[in-house]
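For reference, the structure is listed below as structure tokens.
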Amino acid sequence: LEKQLQQFKQWVKEAKRIVVLSGAGMSTESGIPDFRSTEGVWTRNQSREELMSLSFLERYPDEFWPIYKDIFQLKLQGNYVPNQGHYALKKLEDLGKQVTIVTQNVDGLHQVAGSTHVYEVHGTLQQAFCPACQATYDIGFINNHDLPMCTKPLSSSASNSDQLGELCQTILHPGVVLFEDQVRYLHESVEATTAADLFLVLGSSLQVGPINQLAMIAQSVPSIKKVILNREATMLDHCFDLVIHNEIGAVLGQAI
Ligand code: NAD
């Protein structure tokens, strides 16, 4: 490990443009479990992928919302704070490096730690939105409603000041990207990756597409130094110049 750490330190020191791809492992040291260790008790015998899909939300919204809140522990979100790893990435910015964080996480902890350039490719837990009028709602509103619906007045009745207008009442969609939906900022993430001199994966099993393809894209550009820091092996470890199987907080704390 000592040799790997020295190499990693050297590359971090030399790098000017760093792209970080972070996954659920980034936040386990903040107490948020990754998906490999969580188990929910849901009445339907369906996989997380089926339950967290657009079609399930559209067909069974009454079932979708409580399961969504349970899977993502929505009530607990305010209790979580960034860990040493998140702060190490913020420190890289303070050192004058251009740091782009492409995160699969939906917890918002990179921004809380102060990182300024974060692409939330799988969306965010902090908001929900109305698919009809695009109004957005915060996490407090979502937690206060079993089945969150849009409360905006419909524009035609809003002008009628004599009575409370008819409300939109469309069932909200979560700010988290569901299965069957498109990831966000893919183009921007690819652009940032190909322009980077250091590509660093932190705490991701690299099983979720299409964002795991950033590892292959980085591999195709020889000038990029590619590092993965993950507790266990992934099926894409062969794309990296340096593979460190260890804890994020401890390693980043020493290397940055
Ligand atoms: P994953 O759960 O598939 O993989 C996480 C990886 O991180 C595992 O290989 C694990 O060994 C490793 N890991 C865990 N803690 C670590 C630590 N302290 N140091 C080093 N490695 C550690 O996560 P993924 O690849 O991000 O895919 C899961 C999907 O679930 C993502 O799409 C993400 O949106 C979502 N998710 C997000 C959160 C969150 O926002 N915090 C939490 C759970 C799941």
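Rule-based calculations on the coordinates, nothing more; no lab input. As the structure is a prediction and not an experimental result, all values here were calculated from the model. Cβ coordinates were reconstructed from backbone atoms using ideal geometry, including for glycine residues, and neighbour counts include every protein chain displayed.
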Quiz item: Taking the Cα-to-Cβ direction at residue 149 and at residue 48 and moving 7 Å from each Cα, how far apart do the two end points lie in nm?
Solution: 3.1
Practice problem: Two decimals is fine: what's Rg over Rh for the stretch 147-254, C-alpha atoms, Kirkwood radius as Rh? | Solution: 1.28
Quiz item: If each of residue 207 and residue 184 carries a label point 7 Å out from its Cα toward its Cβ, how far apart are those two points in nm?
Solution: 2.5
Self-check item: Hydrodynamic radius of the chain per Kirkwood, over alpha carbon pairs, in Å
Solution: 19.7
Self-check item: Interchain or long-range residues, amide H under 5 Å from residue 225's placed H
Solution: 198, 199
Exercise. Subtracting the Cα-Cα distance from 0.36 nm times the residue separation, let me have the gained length for residue 81 to residue 166 in nm, one decimal.
Key: 26.6 nm
Self-check item: DSSP beta bridge pairing in the stretch 123-233, given as percent antiparallel to the nearest 5
Solution: 60
Practice problem: Please give the contour-minus-distance gain from residue 14 to residue 133: 0.36 nm per residue of separation, less the Cα-Cα distance, rounded to one decimal in nm. | Solution: 38.1 nm
Quiz item: Rounded to the nearest 5, what is the percent of antiparallel bridges among the DSSP beta bridges in the chain?
Solution: 25
